[in-house]
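Step one of this worksheet: look at the structure below.
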Amino acid sequence: MIRLRVALCILLAGMPALAVAKGSPPVELLFASEDDWYPYSGVRDGQAAGLTVDIMRAIYQQPGVVVRFQPLSYSRCMEVARTARYAGCFTTSRNDFYEPYYRYPQLPLLEGQISIYSRSNRPERDLDMKALEGQEVGVVLSYGYGKEFDANTAIRKEYSTREVNAFRKLKAGRIPYVVAWEGTVNHMLRQNPDLHGWVKPVGKLAPGPVYVSFSRAHPDVERLVSRFDTGMAQLRKSGRLRQLESRWLSGY
């Protein structure tokens, strides 16, 4: 156990490589990942997969280090991220309610475009958040859409458990708008051809950040957070982050 802790400290201090004594077990980091937000974070062939999974692997996995991902529902993901066994949960929103319970890095895991959608036969265009006030807007339960939207009580939010359900309500005329992340919508439309031609983007919200919620109970949480910020900055500077985004989001 002492050798594992020393090896983990070396890794998270930002060393370019990890020297592990011959015969010693590998360092293991376990993260919980959201299971229903593909192509950002989901499940394929029983394994965690998506853009953010590849980002986390690129930040933490080095020789002698094994990074494991346990795909879970959003609520379960956030629950286990409060234990010492899990290093954290992603992809998560960040708000005043969560701050006391989790440790957050300076940099987000992802920033993506959040768009406003309506039925394709409606004339609206170039809408913003103000235009949604007083309207019924479809969203997914527990998802975050940016602090300003989430806190805007003038918008009447109609909750669904899955994004596709919100868009089926839109198609049926039960609600006039849905707010959603572009990447997930493009993937959803590919998987649900019955929605093709029925919905269209009619406006945008500010790009929304999502985060890793690190476990405050984990013994190395501060080093994990430091390593995340260092690794994310390196991915941005090197262009590797852009390559990963292109791989997962292009063509959807």
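The values are calculated or read from the model by the stated rules, or taken from the named source; none is laboratory data. Note that the structure is predicted; figures quoted are calculated from it, not measured. When we count neighbours, we look across all protein chains shown, and the Cβ atoms used for this are built from the backbone with ideal geometry, even at glycine. Please note that ligands, DNA and RNA were not included when accessible areas were found on the heavy atoms of the full protein model with its side chains. Shrake-Rupley method; radii C 1.70, N 1.55, O 1.52, S 1.80 Å.
Of the conditions (1) under 13 Å from Trp248 (Cβ atoms); (2) modelled with pLDDT under 80, Leu51 satisfies every one except a single condition; which number is it?
It fails just one condition, (2).
Tell me which of these Asn121 doesn't satisfy, since it passes every other one: (1) touching a residue at least 40 places away in the same chain (Cβ under 8 Å); (2) over 30 Å from Ile55 (Cβ atoms); (3) of a type outside the set (Gly, Ala, Ser).
(1)
Residue pairs, Cβ under 6 Å, 6 or more apart or interchain, first in the stretch 135-161 and more than 19 Å from Thr91 (Cβ to Cβ), second open to solvent by less than 20 Å² (accessible area, probe 1.4 Å) and in a loop (DSSP other than H, G, I, E, B). List them.
Pairs found: Glu136/Ile175; Val137/Ile155; Gly138/Ile175; Glu158/Ile175.
Please work out if Ala48 is in a loop (DSSP other than H, G, I, E, B) and small (Gly, Ala, Ser).
So Ala48 fails the test.
Tell me whether the stretch 77-98 contains one or more residues that are open to solvent by 40 Å² or more (accessible area, probe 1.4 Å), touching a Lys or Arg at 6+ places or on another chain (Cβ under 8 Å) and closer than 19 Å to Asp220 by Cα.
yes
Could you tell me which residue of the stretch 1-48 is modelled with the highest pLDDT, considering only residues that are of a type in the set (Val, Ile, Thr) and farther than 23 Å from Arg216 by Cα?
Val43
Restricting to the stretch 129-172, name every residue that is part of a loop (DSSP other than H, G, I, E, B) and open to solvent by less than 50 Å² (accessible area, probe 1.4 Å).
Residues satisfying the conditions are Gly134, Tyr143, Gly144, Tyr145, Gly146, Asn152, Ala154, Ile155.
List pairs: first in the stretch 218-241 and assigned to a helix (DSSP H, G or I), second among the hydroxyl-bearing types (Ser, Thr, Tyr) and open to solvent by less than 20 Å² (accessible area, probe 1.4 Å), Cβ under 9 Å, 6+ apart or cross-chain?
Every condition considered, the pairs that remain are Val221/Ser215; Leu224/Tyr60; Leu224/Ser215; Val225/Tyr104; Arg227/Tyr60; Phe228/Tyr60; Gly231/Tyr60.
Looking at Val178 and the list (1) in a strand (DSSP E or B); (2) at pLDDT 95 or above; (3) surrounded by fewer than 18 Cβ atoms within 10 Å (Cβ to Cβ), which single condition is not satisfied?
Status for Val178: all satisfied but (3).
In the stretch 51-64, which residue that is open to solvent by 10 Å² or more (accessible area, probe 1.4 Å) and outside any loop (DSSP other than H, G, I, E, B) is farthest from Asn165 (Cα to Cα)?
Among them, the one singled out is Ala58.
So, in the stretch 194-244, of the ones that are open to solvent by less than 60 Å² (accessible area, probe 1.4 Å) and among the acidic types (Asp, Glu), which residue ends up modelled with the highest pLDDT?
Asp229
Of the numbered conditions (1) closer than 23 Å to Asn95 by Cα; (2) surrounded by fewer than 15 Cβ atoms within 10 Å (Cβ to Cβ); (3) more than 23 Å from the chain's Cα centre (by Cα), Pro123 satisfies every one except a single condition; which is it?
(1)
Please enumerate the residues belonging to the stretch 71-93 that are out of contact with any helix residue (DSSP H, G or I) (no Cβ under 8 Å at 6 or more places or on another chain), over 20 Å from Glu28 (Cβ atoms) and part of a loop (DSSP other than H, G, I, E, B).
Ser73
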